[in-house]
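All of the numbers you see were taken from the coordinates with simple rules; none came from a lab. No experiment lies behind these values; they were computed from the predicted model shown. Ideal geometry is used to build each Cβ from the backbone, glycine not excepted, and the neighbour counts take in all protein chains shown.
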Amino acid sequence: MKVKRLQWGGILDVRSVADAFKALSSELAEAQEWRIDCASVERMDTSWLQMLVVLAQHLQDNSGRLLLEQVPEAVQRSWQMAGMGLFLDQLVDR
């Protein structure tokens, strides 16, 4: 299985999500498994959370998967507050 590795960092918000989604969309066929290192993410807003859901669902529909690595606790708490924890928590590679 081919693996695509990415590293995200900083503040991930609505100002950057469109460019990120465009770049990710163009690379979806490159790998079945995507691993995203989130260790340097300071904050992730709901637009990025929604993009993660879309990306994960697309990969799953095509026999792939998305794994998030080293997700800061503050980012995981924001998922809970946004009501998306049940879905996104299952993507975290522990």
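For the pair residue 60/residue 86, report the inter-label distance in nm, with labels modelled 7 Å from Cα in the Cβ direction.
1.2 nm
Assigning unit charges at the beta carbon (Lys, Arg +1; Asp, Glu -1) and nothing else, what dipole magnitude in debye, to the nearest 20, does the chain show about its Cα centre? Could the numbers behind the result be given before it?
Numbers: 10 positive and 13 negative charges, 16 e Å.
For this selection, approximately 80 debye.
Given the peptides 42-49, 26-33, 85-92, arrange them by the average over their residues of other C-beta atoms within 10 Å, most packed first. Let's see the in-between values first.
On the way: 42-49: 17.5, 26-33: 12.0, 85-92: 14.8.
My ranking of the peptides, most packed first, is 42-49, 85-92, 26-33.
Quickly work out the residue 53-to-residue 15 label distance, labels modelled 7 Å from Cα along the C-beta direction, and quote it in nm with one decimal.
Taking the simple label geometry, residue 15 and residue 53 are separated by 2.5 nm.
What are the ³J(HN,Hα) values, in whole Hz, obtained from phi via the Karplus relation 6.51 cos²θ - 1.76 cosθ + 1.60 with θ = phi - 60°, for each residue of segment 20-30 in sequence order, with x given for Gly and Pro?
Result, rounded to whole Hz: 5, 5, 4, 5, 5, 4, 6, 10, 4, 7, 6.
Of 82, 70, 50, which is farthest on the positive side of the dipole of segment 30-94, counting Cα position, with +1 on Lys and Arg Cβ, -1 on Asp and Glu Cβ, and the Cα centre as origin?
The listed residue farthest towards the positive side: 82.
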